[in-house]
Amino acid sequence: MPYLVSFHMGWLIGSLLLGFCMGWISVVQRGNGTSKVTAYWLAALAVALVSASFAHVVPGRFGYWLDLGLVMFACYLVGCTIGAWLRDRVVARSMPPAAP
């Protein structure tokens, strides 16, 4: 894993910055979202992929791509979270107070 991070540092930073930009410019929609069944299936898929990565079930090049994809996706999600949080802090401070 340290080799993966050191070799692909530029791509990981790019993924983090892309996530930051998407978190900053995205408009938060407070809609219905996904159903509980879909959320459970997505969570099960994520757990299966991470488990396969940790157990080294997928050998060779595809296992390397799986590890790299998971690390890049994690960097993207961290960037999205930071960008959305900072935008919320900056926009909340710059908006005038609501009239009662």
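List of remarks:
- Computing P(r) over Cα pairs in 10 Å bins from 0, in percent directly from the structure and comparing it against (i) 14, 30, 32, 16, 5, 2, 0; (ii) 13, 29, 20, 15, 10, 8, 4, 0; (iii) 15, 50, 30, 4 singles out (i).
- Helix 60-94 vs. the chain, principal-axis angle (Cα, 0 to 90°, nearest 10): 10
- Based on protein heavy atoms only, the chain ends up with 81 Å² per residue of surface accessible to a 1.4 Å probe.
- The C-alpha atoms of the chain define a longest principal axis, and helix 36-55 lies at about 40 degrees to it.
- Residue with peak Gaussian network fluctuation, the chain [Cα springs, cutoff 10 Å], from V58, V71, V37: V37
- Solvent-accessible area, 1.4 Å probe, carbon plus sulfur percent, for the range 1-95: 73
- Charge dipole (Cα centre; +1 on Lys/Arg Cβ, -1 on Asp/Glu Cβ; no other charges) of the chain amounts to roughly 260 debye.
The values are calculated or read from the model by the stated rules, or taken from the named source; none is laboratory data. Small disclaimer: the values here were computed from a predicted structure and weren't measured. For neighbour counting, all protein chains shown are included, and Cβ atoms are generated from backbone atoms with ideal geometry for every residue, glycine included. For the accessible areas, the whole protein counts, side chains as well, though only heavy atoms, and no ligand, DNA or RNA atoms are used. Shrake-Rupley method; radii C 1.70, N 1.55, O 1.52, S 1.80 Å.
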